[in-house]
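The block underneath contains the structure these notes are about, expressed in C-alpha cells.
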Amino acid sequence: MNTVSGYLARATGAFATRVTATGSTTAVISAAAPAGTAGSASVDPLGGATIAGSIITAIAFPAAPANSAGAKFTAPGVVYFVDRQPPRTTPNP
C-alpha cells in the first residue's frame with residue numbers, strides 16, 4: 001500500500017529517510033538527506049538538512065518491474081527535492 005506522510009518540522013541536522021515494509025522495522029531503503037552548503041557574502045546557500053530555513057521532500061520509489069517500458073530502476077531508492085531554499089546571503093543584484 002502506498003502511504004503519504006505530512007511534513008515534519010525538525011531541528012537542523014543530518015538525517016536519513018528509511019522505508020520499511022508494513023509491520024517491519026528493517027529498512028528496505030535508507031538514504032541520507034543532502035547536507036546542503038552554508039552561504040557566505042559571495043555565495044548563496046544551498047538547501048539541505050544542515051542548513052536552517054530549508055524545506056526538503058523525500059520520495060521513495062520501488063524497483064521497476066523487469067518488463068517495464070519506463071526507466072529501469074534495478075533497486076528501490078529515495079530522491080530528495082529541496083522545496084525551499086534558505087534565505088540569500090549575497091547582496092541582491
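The values are calculated or read from the model by the stated rules, or taken from the named source; none is laboratory data. All values reported here derive from a predicted model rather than from experimental measurement. Backbone-built Cβ (ideal geometry, glycine too); neighbour counts: all protein chains shown. The area values use the complete protein model at the heavy-atom level, side chains included, leaving out ligands, DNA and RNA. Shrake-Rupley method; radii C 1.70, N 1.55, O 1.52, S 1.80 Å.
The table below lists the values:
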| quantity | calculated |
| --- | --- |
| Cut-off 15 Å between beta-carbons: net charge of the residues surrounding G39, Lys and Arg +1, Asp and Glu -1 | +1 |
| Most mobile of A14, A38, A27 in a GNM of the chain (Cα contacts under 10 Å) | A27 |
| From the coordinates shown, Cα extents along the principal axes in Å corresponds to which of (i) 51, 31, 18; (ii) 138, 15, 9; (iii) 41, 26, 25 | (i) |
| Among A11, A33, A49: highest mean-square fluctuation, GNM of the chain, C-alpha pairs under 10 Å | A11 |
| Most mobile listed residue (F61, F73, F81) in the chain, GNM with C-alpha springs under 10 Å | F73 |
| Average accessible surface area per residue within the chain, 1.4 Å rolling probe, Å² | 73 |
| FRET efficiency estimate (nearest 0.05) - Cβ-Cβ, V28 to A66, R0 22 angstrom | 0.75 |
| Full-extension gain in nm, L46 to A16, via 0.36 nm per residue minus C-alpha separation | 9.0 nm |
| Accessible area of the chain belonging to carbon and sulfur atoms, whole % at 1.4 Å probe | 60 |
